[in-house]
Amino acid sequence: MNAHPSPAGSLPDAPRDARRSVATGTITSMDSSNTRRDATRRKLFEAAVTLIAEQGFSSTTVDEIAERAGVAKGTVYYNFASKNVLFEELLRHGIELLATSLQAAADEVADRGGTRIDALDAMIRAGLDFISRYPALTQLYVAELWRTNRAWQSTLMVVRQRAITVVEDVLREAVAQEELSEEIDIPLTASALFGMVLVAALDWQSYQPDRSIDDVHAALSRLLQGRVTGRPA
């Protein structure tokens, strides 16, 4: 069976330790096996996120996930103990990718000598870029935030905090460098900025798809400059 294309964008592999080149002849068969398993898990993630976005978690079966991914049903259970575990790992993997994107944006600004406010602005853009690439994943994440009876609720809180912490760290640096007032509530401000990007991006894609990402970023940038820093852009 052929796998269906995923409208949510292809999820990259989770970050792994750097491996030496094939040319050195030092990559082991275990490395190759791990690479194949990563590719299989990625296909299962993509199939699951697309199906669950289309028809909901409860209505999505393991058989459907396997068919959409183009693998045998047993392959799903070989990689994940259950559908619940698959979805839990999907959320963990996806938000880790988002957190990594935010951190990379902040680091790039730091490397070129930009301010911490510049870093926050770059993180807004990185978040918009990520959400535009993986809209179905983002929709699932936002939907699950409001459900407190799921088996993976504790995992969801952990991965959410992973992304929020990246923003908090930059806010603390901004306060330390006197770019922001010491009176700022860092945890709440980080959550507000994170939530602003999520909600604005989903609204953009659902109700204002004709607007460009540059347009959306400019609007959020003005909010950042005016509300967080207390000065107009």
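Rank these residues by their accessible area, most exposed first, probe 1.4 Å: D185, D38.
The most accessible residue leads, giving D185, D38.
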Three-way shape call for the stretch 121-233 based on the alpha-carbon gyration tensor, with the a/c threshold at 1.5: oblate
Using θ = phi - 60° and the Karplus relation 6.51 cos²θ - 1.76 cosθ + 1.60, list the HN-Hα couplings for the stretch 35-52 in order, rounded to whole Hz, with x at every Gly or Pro. 5, 5, 5, 4, 5, 5, 4, 5, 5, 5, 4, 5, 5, 5, 5, 5, 5, 5
Determine ³J(HN,Hα), in whole Hz, for all residues of the stretch 92-108 in sequence, where each value follows from phi through the Karplus function 6.51 cos²θ - 1.76 cosθ + 1.60 and θ = phi - 60°; x replaces Gly and Pro. 4, 5, x, 6, 5, 4, 5, 4, 5, 5, 5, 5, 5, 5, 5, 5, 4
For the stretch 207-218, Karplus couplings with θ = phi - 60° (6.51, -1.76, 1.60), whole Hz, Gly/Pro x: 10, 9, x, 6, 7, 7, 5, 5, 5, 5, 4, 4
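Counting only C-alpha contacts under 8 Å and six or more residues apart, can you give the relative contact order of the stretch 117-233 as a whole percent?
On the way: 67 pairs, mean separation 44.2, N = 117.
Once divided by the residue count of the stretch 117-233, the mean separation gives 38 percent.
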Computed over the stretch 123-177, Kirkwood Rh from alpha-carbon pairs, angstrom: 12.9 Å
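First measure r as the distance between the Cβ atoms of N149 and E54, then evaluate 1/(1 + (r/R0)^6) with R0 = 25 Å and state the FRET efficiency to the nearest 0.05.
Numbers: r = 22 Å, r/R0 = 0.88.
With a Förster radius of 25 Å, E is 0.70.
The values are calculated or read from the model by the stated rules, or taken from the named source; none is laboratory data. Keep in mind the model is a prediction, meaning the values are calculated, not measured. Positions of Cβ are backbone-derived with ideal geometry, glycine not excepted, and every protein chain shown enters the neighbour counts. Note: areas computed on protein heavy atoms with side chains; ligands, DNA, RNA excluded. Shrake-Rupley method; radii C 1.70, N 1.55, O 1.52, S 1.80 Å.
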